[in-house]
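Contents: one structure, followed by commentary.
The values are calculated or read from the model by the stated rules, or taken from the named source; none is laboratory data. It should be emphasised that the depicted structure is a prediction, and the values quoted were computed from it without experimental measurement. Reconstructed Cβ throughout: ideal geometry from the backbone, glycine too, with neighbour counts over all protein chains shown. Surface accessibility is based on the protein's heavy atoms, side chains included, excluding ligands, DNA and RNA. Shrake-Rupley method; radii C 1.70, N 1.55, O 1.52, S 1.80 Å.
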Amino acid sequence: MGGYFSRRRNAARAVARFRHPDYVRWIKAGQALKCCGEGLIDFCTDIIVRFHRSLVVQHGLAECPFPGNIKKVTKDGRSWKVNCACGVCDVWLRSIESQLATGQFSWKNSNVQEWPIHPWQLAKIFMGPGKDPGSYDPADTDTAGFLQLILNCGLFAGKLDGNKVQLVRTDRNNIMHSENLKVKSTDLTTYLDHMIDLLREPALQNFASAQSAIVEINKIRTMSLDVNLTEVRQLETSMWKEMIADQQATNKKDILKIVTSCKDLQNQLGSAYTKLKTDVDNLIVQVEDVTRKVDDVREDVTRKVDDVREDVTRKVDDVREEVTRKVDDVREDVTRKVDDVREDVTRKVDDVRGKKSSQGKWMM
Ligand SMILES: [Zn+2]
């Protein structure tokens with residue numbers, strides 16, 4: 001149990017993992033992402049704090065008079081509501097609600113009680129789900145969170161080049177959803193270039209965090225990672241934990257396979273490893289469930305198509321019979337009329353012939 005030999009074995013496993021340049025580049029890409037997120041902290045905090053202050057000042061918003069109540073945001077028909085009748089909580093809710101530019105709210109990321117006290121509690125509502133509702137420190141937010149905030153919250157509209165933000169977001173997903181945890185040399189260069197492009201935006205020029213992030217990301221291009229450094233192992237662990245916590249990630253089965261073969265990583269991840277196993281199990285159950293539902297729908301559709309086909313066949317037969325009957329009627333009718341006309345003509349011709357012959361006789 002964690003003795004000298006198992007520590008040695010774990011260290012050897014980590015060294016083996018870090019011998020693959022693609023894996024090292026994956027870690028480097030993660031480090032660059034982390035720097036990029038840190039670079040965005042000052043800018044994002046500035047905008048959120050100003051917004052929060054403006055709400056407090058303009059609307060004279062105080063804290064909720066019932067701080068003891070457990071408050072939640074729920075959906076009431078098509079609109080959101082807070083289960084607090086104080087009138088204050090509702091103004092906060094409407095003010096936050098008015099800032100959604102795109103995406104959807106993650107109310108569960110946030111602790112309603114702390115809206116009037118901690119500005120960052122508002123910011124987290126615009127990020128993807130799964131954030132800790134108890135946290136109000138921007139430093140706890142990961143890079144994906146900052147990018148989602150910038151893209152989803154109207155307070156950031158037009159401040160940065162949206163394409164540049166989107167590129168880094170796509171890169172982030174490529175890195176964190178990668179199935180084999182490998183990054184090619186050319187891809188790493190592209191990722192770093194995109195991050196620096198974003199951090200060089202004019203709106204970020206006066207923020208020290210953005211400027212120092214540019215320097216740090218440029219260093220990553222040429223730096224070598226030392227697997228024996230605690231920071232490197234911590235970075236690796238945090239990347240794995242971010243992957244496991246990511247609710248959009250579709251690569252969990254693959255990463256479980258990798259982590260199962262790396263005993264030292266299992267130790268590093270601790271409870272996150274257990275969560276990963278549960279996630280994958282649930283995923284398998286979900287897939288089975290979806291497969292069963294698809295089968296049900298297919299059967300139902302087949303049955304309905306058969307019903308419709310039978311019905312149509314019957315109707316076509318009915319119509320065919322009716323048409324046949326009518327055609328027969330018409331044929332009979334026409335035949336009868338033709339016969340009538342023929343008879344009539346024959347009679348008239350006979351009449352004319354009769355007259356002629358009697359005339360002839362008379363002439364003779
Ligand atoms: Zn209230």
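Roughly how many percent of the accessible protein surface of the chain is carbon and sulfur, given a 1.4 Å probe and a whole-percent answer?
Values: 11820 of 22230 Å².
Roughly 53 percent, rounded to a whole number.
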Checklist entry - Hey, what do the phi angles of the stretch 248-257 turn into as Karplus ³J(HN,Hα) couplings, whole Hz, using 6.51/-1.76/1.60 and θ = phi - 60°, x for Gly and Pro? => result 8, 5, 10, 9, 5, 4, 5, 6, 5, 4
Checklist entry - Computed over the Cα atoms of the stretch 1-139, what is the convex hull's projected area averaged over all directions, in nm²? => result 13.1 nm²
Checklist entry - So what's the angle, to the nearest 10 degrees on a 0 to 90 scale, between helix 4-17 and the longest Cα principal axis of the chain? => result 50 degrees
Next on the checklist: Using a Gaussian network model on the chain with a 10 Å cutoff between Cα atoms, which of Val112, Val290, Val338 fluctuates the most?
Outcome noted: Val338
Checklist entry - How far apart, in nm, are the 7 Å Cα→Cβ label points at Gln58 and Gln247? => result 3.0 nm
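What does the helix-only formula give at 222 nm for the chain: each DSSP H stretch with n ≥ 4 adding -39500 (n - 2.57), the total divided by the residues, and the result rounded to the nearest 500 deg cm²/dmol? Display every interim value, and only then the final one.
Values: 12 runs with 244 residues, N = 364.
That calculation yields -23000 deg cm²/dmol at 222 nm.
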Checklist entry - Residue separation times 0.36 nm, minus the C-alpha to C-alpha distance between Tyr4 and Thr190: what's the value? => result 62.8 nm
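Using the crude model of +1 on Lys and Arg Cβ and -1 on Asp and Glu Cβ, and no other charge, please compute the dipole size for the stretch 179-321 relative to its Cα centre, in debye to 20. Could you put the intermediate results ahead of the total?
Numbers: 22 positive and 28 negative charges, 117 e Å.
Result for the stretch 179-321 is approximately 560 debye, rounded to the nearest 20.
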Checklist entry - What translational D, rounded to a whole number of µm²/s, comes out for the chain from Stokes-Einstein when the hydrodynamic radius is the Kirkwood one over Cα pairs, at 20 °C and 1.002 mPa s? => result 80 µm²/s
Item to check | Most mobile of Val259, Val305, Val280 in a GNM of the chain (Cα contacts under 10 Å) | outcome: Val305
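Please give the per residue accessible area of the chain, computed with a probe of 1.4 Å over protein heavy atoms only, in Å².
Details: 22230 Å² over 364 residues.
Per-residue accessible area for the chain comes out at 61 Å².
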Item to check | Cα-Cα P(r), the stretch 19-224, percent of pairs per 10 Å interval | outcome: 8, 33, 31, 18, 9, 2, 0
Item to check | On Cα atoms only, tilt of 162-176 relative to the major axis of the chain in degrees | outcome: 80 degrees
Checklist outcome for this item: Of Gln121, Gln211, Gln58, the most mobile residue in a GNM of the chain (C-alpha springs, cutoff 10 Å) is Gln58
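Which entries in Lys81/Lys159; Lys219/Lys241; Lys131/Lys252; Lys124/Lys159; Lys72/Lys131; Lys124/Lys293 show an alpha-carbon gap greater than 27 Å?
Details: Lys81/Lys159 30 Å; Lys219/Lys241 25 Å; Lys131/Lys252 19 Å; Lys124/Lys159 19 Å; Lys72/Lys131 16 Å; Lys124/Lys293 35 Å.
Over 27 Å apart, Cα to Cα: Lys81/Lys159; Lys124/Lys293.
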Checklist entry - Of Phe5, Ile284, Gly87, which is farthest on the positive side of the dipole of the chain, counting Cα position, with +1 on Lys and Arg Cβ, -1 on Asp and Glu Cβ, and the Cα centre as origin? => result Phe5
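Taking all protein chains together and a probe of 1.4 Å, list Arg25, Arg331 from the most accessible to the least accessible.
Values: Arg25 55, Arg331 140 Å².
Sorted by accessible area, descending: Arg331, Arg25.
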Item to check | Principal axes of the stretch 190-325: Cα extent on each, largest first, Å | outcome: 92, 45, 22
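Hey, could you get me the Stokes-Einstein D for the stretch 270-364, Kirkwood radius over alpha-carbon pairs, 10 °C and 1.306 mPa s, rounded to whole µm² s⁻¹? Provide the component values of the computation, followed by the final result.
On the way: Rh = 21.7 Å.
Roughly 73 µm²/s, to the nearest whole number.
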Checklist entry - Hey, what angle do you get for helix 271-363 against the long axis of the chain, alpha-carbon based, 0 to 90 degrees rounded to 10? => result 20 degrees
Checklist entry - Between the stretch 22-79 and the stretch 254-315, what is the C-alpha centre distance in whole Å? => result 34 Å
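Would you mind putting 188-196, 317-325 in packing order, based on average other-beta-carbon counts within 10 Å, highest first? Mind showing how you got there, number by number?
Values: 188-196: 19.9, 317-325: 10.0.
Per-residue mean Cβ counts within 10 Å order the peptides as 188-196, 317-325.
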Checklist entry - Which Cys residues of the chain have no other Cys Cβ less than 4.7 Å away and so no disulfide-compatible partner by this rule? => result Cys35, Cys36, Cys44, Cys64, Cys86, Cys153, Cys262
Item to check | Alpha carbon centroid spacing (whole Å) that separates the stretch 224-250 from the stretch 322-349 | outcome: 94 Å
